[in-house]
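Engineer: Below is a structure I'd like to ask you about.
Only the coordinates and a few stated rules stand behind these numbers; no lab work does. Note that the coordinates shown come from a computational prediction; the quantities given were computed from them, not determined experimentally. When we count neighbours, we look across all protein chains shown, and the Cβ atoms used for this are built from the backbone with ideal geometry, even at glycine.
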Amino acid sequence: MSDLLRPTRLDQPRRHRQRLPRLDADAFGRLSEQLARFLGTGRFLLFQTVLVAVWITLNVFAVRLRWDPYPFILLNLAFSTQAAYAAPLILLAQNRQADRDRVSLEEDRQRAQAAKSNTEYLARELAALRLAVGEVATREYVRSEINRLIDEVRGEKDETEPARSRGAGRDPL
């Protein structure tokens, strides 16, 4: 019984037959990018110019080889076919480049956001350190306190010890 005559079940999707082989979209995209890169080179333009010059020369001056007389309809057909294939391939290559640019732009945005948050964190830490430094004793303050304590200790020793054990004139720091 053929598929057309067999009753279909409405609760199950139909099976689609694959008539064409599946193409790897990424491989086809890479191929189109390579072709688009080649079409934009001076080498291709030089090759095409030489081909057109030889084509026209042979069809104008070689009487026996005239396969495409003066209006060069076959040459125009070849250019039209080339343009018909080149334009979609170039557009496909541009779309792939736009996708890569979009991904790159998103990654750059995420990196910029992370850098901004890191910078803000460091600014907060720096502000906290500046506040903490305002409360920290400076070198001059510590020296003055040590000198004050030494003077106090010397004053107490003067009352209890003789003058020869003081070590007068020496700076402890």
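Engineer: In debye, nearest 20, what is the charge dipole magnitude of the chain about its Cα centre with +1 on Lys and Arg Cβ and -1 on Asp and Glu Cβ, if you could check?
Structural biologist: My answer is approximately 1580 debye.
Engineer: In addition: So between LEU74 and LEU129, what do we pick up on full extension, going 0.36 nm a residue minus the alpha carbon distance? Intermediate values should be presented prior to the final figure.
Structural biologist: Numbers: separation 55, 0.36 × 55 = 19.80 nm, distance 8.07 nm.
Here the segment from LEU74 to LEU129 would lengthen by 11.7 nm.
Engineer: Right, next: Quick one, what does Rg over Rh come out to for the chain if you take C-alpha atoms and the Kirkwood Rh?
Structural biologist: Expressed as Rg/Rh, it is 1.61.
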